[in-house]
């Protein structure tokens, strides 16, 4: 018999994050997640195509509100996410260390970089418009203005190796500009992603803006790529064969496709290209009024 | 089997006789009813059975627009959608009917042309039913004269809840007579009970019997204008009522759940209820209907998913 002071372990049930809620997989399946040495860490839900479908419905529902929010407001919400991450830093350091086989200090550096990445993208929400949009000179009495608009629902195949910094680096640019995301987490290291869902749920981010699924990209990816209500797909974590398959499937409704790019160091300055990949440019013409009958501009 | 109401001739002779009969109906086991409806809702309908169910459900829809803001243009658009629910796939069946307010019947009729889609019109001061009897009858005659094939009337819930059962019965009977056209044929009559306002399952069973005794061709759950509309439990209860009625009189009465049925999954649950309660005789749009509008979009998206293998989206169906 153990001593009365010994507590039983309270294991965490990792669940999906869809539409602001934490469901189990519709299929009821789970799979074993291990650290790089094969030691069991937890069971994660093995999502099915129906979970992906539900996530798309949730993301579509959230799109109107999130894309309609002011850029300033989105920035505040993303900054709040960073604040919440900071508060749970120890948990993420432990999970990243276990998932990627890193030392505590290296994992700490990774988590710090990820939090800084959120803050960095939070700052971009109300600045990207000035960088990629603006007034165009035209040969006529018109104001001609180009503004970036979010694409819609973006399916994201998260990086396989960098389970947290890589994940943050693909989610934050998608939602910073007003898109909503359906994310397939790293298959072998999904636990930091599933915990990120808990952070997002407590940081003013409307439910459905980010939906996180764990499982096989090869199982859910084709359905998301072919889904007529998904507007873009980020293939960051797909291998060459899968990326090609998904790109072909995505052609049917003319999805924007961001092909996988080799990333040596997720901590390096990412630039704006992950944001601009999921923006569309809207250009409007507006008469200047300088040809008014009175001869005045007003 | 007899096909007359002679066995029940005496129960409608007076208010007290009707009350005695209605209160003598067996009480409804609410827990059992809900459990049975929930259990039947867990059936898994897939692949070819699902394709069949989707097409059947589409063919059973009374495509409805009952808004103060209805315009002739909106009614024409609805009629076009009823005839070709999915213009990209001509194998999609037509809906059973379009359901509109009486003043839109002529517009709907003209827009449908010769297509085999009925025009149903609500009448009798829909949705509240708070008007004098002559007004209700004039409302009905108007709709029939404008060419309505089916009349969706509302009962006077006030009279029913106050216990004036015979008044309710006679209202339905009078409207039924108003459905007769000059050539002797008759528009089919659907009687709406507004189950959400009847408070108890016992009341729903009693209202069902009043409707059927008065000659309803269909009994319908709701107007879609109150908080609680069609639920699997109250629809199951009404299906049991029409089953019992047919067993005793030989007369078949249809059922129409309306309001709040928005997804393919919900619609299929209702079809399972029909099949398990009254059987295949009712699995046709002659005897079972859905009062719905947005349901059709979800059915079409699911149909596209089955035929193309990829999930469809709301961009590919009309939004109405």
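For region B:211-233, the set of residues classified as more than 16 Å from the chain's Cα centre (by Cα) and at pLDDT 95 or above consists of B:213, B:214, listed by residue number.
Quick check on this structure: which one of B:152, B:142 is part of a helix (DSSP H, G or I) and touching a residue at least 40 places away in the same chain (Cβ under 8 Å)?
Details: B:152 fails: part of a helix (DSSP H, G or I).
From the options B:152, B:142, the qualifying one is B:142.
Only residues that are in contact with a helix residue (DSSP H, G or I) (Cβ under 7 Å, 6 or more places away or on another chain) and within 15 Å of residue B:172 (Cα to Cα) were counted across region B:137-151, and they come to 5. Checked against (1) more than 30 Å from residue B:301 (Cα to Cα); (2) in contact with a strand residue (DSSP E or B) (Cβ under 8 Å, 6 or more places away or on another chain); (3) surrounded by fewer than 22 Cβ atoms within 10 Å (Cβ to Cβ), residue A:67 passes all but condition (1).
Anything in region A:226-242 that is within 9 Å of another protein chain (Cβ to nearest Cβ) and free of Cβ contacts under 8 Å to residues at least 40 places away in the same chain? List them, or say none. So that I can check it myself, show each step before the final result.
Our first condition is that a residue be within 9 Å of another protein chain (Cβ to nearest Cβ); within region A:226-242, this holds for A:226-230.
Residues satisfying the conditions are A:226, A:228.
Elements of the type helices (runs of 4 or more DSSP H) sitting completely within region B:1-101 and holding at least 2 residues that are under 29 Å from residue B:166 (Cβ atoms): these cover B:15-24, B:30-40. Screening the candidates A:161, A:187 for the property of being closer than 26 Å to residue A:25 by Cβ, surrounded by fewer than 24 Cβ atoms within 10 Å (Cβ to Cβ) and without any contact (Cβ under 8 Å) to a residue 40 or more places away in the chain yields one hit, A:187.
Among the residues of region A:2-25, are any touching a residue at least 12 places away in the same chain (Cβ under 8 Å), within 14 Å of another protein chain (Cβ to nearest Cβ) and either loosely packed, with under 15 Cβ neighbours inside 10 Å or touching a strand residue (DSSP E or B) at 6+ places or on another chain (Cβ under 8 Å) (or both)? There is no residue in region A:2-25 that is touching a residue at least 12 places away in the same chain (Cβ under 8 Å), within 14 Å of another protein chain (Cβ to nearest Cβ) and either loosely packed, with under 15 Cβ neighbours inside 10 Å or touching a strand residue (DSSP E or B) at 6+ places or on another chain (Cβ under 8 Å) (or both). For region A:124-144, a residue qualifies if it is part of a helix (DSSP H, G or I) and surrounded by 14 or more Cβ atoms within 10 Å (Cβ to Cβ), and the qualifying residues are A:124, A:128, A:129, A:132.
Note on region B:102-115: residues that are over 22 Å from residue B:225 (Cβ atoms) and in a helix (DSSP H, G or I) amount to 5.
Of all residues in region A:1-53, those being closer than 18 Å to residue A:186 by Cβ and not in a loop (DSSP other than H, G, I, E, B) number 15. Look at residue B:176 and say whether it is in a helix (DSSP H, G or I) and at pLDDT 95 or above. Yes; evaluated as a whole, the condition is true for this residue. Residue A:283 meets all of the listed conditions (1) part of a loop (DSSP other than H, G, I, E, B); (2) more than 28 Å from residue A:45 (Cβ to Cβ) but one, namely (1).
I'd like to verify a number: residues in region A:35-51 that are in contact with a strand residue (DSSP E or B) (Cβ under 7 Å, 6 or more places away or on another chain) and either free of Cβ contacts under 8 Å to residues at least 12 places away in the same chain or under 19 Å from residue A:182 (Cβ atoms) (or both), how many?
Residues of region A:35-51 that are in contact with a strand residue (DSSP E or B) (Cβ under 7 Å, 6 or more places away or on another chain), as a first pass: A:35, A:40-47, A:51.
Retained after the next criterion (residues that are either free of Cβ contacts under 8 Å to residues at least 12 places away in the same chain or under 19 Å from residue A:182 (Cβ atoms) (or both)): A:40, A:44-47, A:51.
Of the residues in region A:35-51, 6 are in contact with a strand residue (DSSP E or B) (Cβ under 7 Å, 6 or more places away or on another chain) and either free of Cβ contacts under 8 Å to residues at least 12 places away in the same chain or under 19 Å from residue A:182 (Cβ atoms) (or both).
Is it true that some residue in region B:156-165 is touching a strand residue (DSSP E or B) at 6+ places or on another chain (Cβ under 9 Å) and assigned to a helix (DSSP H, G or I)? Show your work before the answer.
Start the filter on region B:156-165 by keeping residues that are touching a strand residue (DSSP E or B) at 6+ places or on another chain (Cβ under 9 Å), which leaves none.
For region B:156-165, residues touching a strand residue (DSSP E or B) at 6+ places or on another chain (Cβ under 9 Å) and assigned to a helix (DSSP H, G or I): absent.
Select from region A:243-276 the residues that are assigned to a helix (DSSP H, G or I) and either within 14 Å of chain B (Cβ to nearest Cβ) or free of Cβ contacts under 8 Å to residues at least 40 places away in the same chain (or both) and list them in ascending order. The answer is A:243, A:244, A:245, A:246, A:247, A:248, A:249, A:250, A:251, A:252, A:253, A:273. Of the residues making up region A:199-225, those that are more than 14 Å from every other protein chain (Cβ to nearest Cβ), part of a helix (DSSP H, G or I) and in contact with a helix residue (DSSP H, G or I) (Cβ under 9 Å, 6 or more places away or on another chain) are A:199, A:200, A:217, A:218, A:219. Would it be correct to say that residue A:28 is on the phi > 0 side of the Ramachandran plot, without any contact (Cβ under 8 Å) to a residue 60 or more places away in the chain, surrounded by fewer than 17 Cβ atoms within 10 Å (Cβ to Cβ) and within 14 Å of chain B (Cβ to nearest Cβ)? Yes: the conditions hold for residue A:28.
Does residue B:178 qualify as being buried (at least 22 other Cβ atoms within 10 Å of the Cβ) and under 15 Å from residue B:123 (Cβ atoms)? So residue B:178 passes the test. The set of residues in region A:31-60 being surrounded by 15 or more Cβ atoms within 10 Å (Cβ to Cβ) and farther than 27 Å from residue A:97 by Cβ consists of A:48, A:49, A:51, A:52, A:53, A:54, A:55, A:56, A:57, A:58, A:59, A:60.
The values are calculated or read from the model by the stated rules, or taken from the named source; none is laboratory data. Given the structure is predicted, the values throughout are model-derived calculations rather than measurements. Neighbour counts are summed over all protein chains in view; Cβ atoms, including those assigned to glycine, are modelled from backbone coordinates with ideal geometry.
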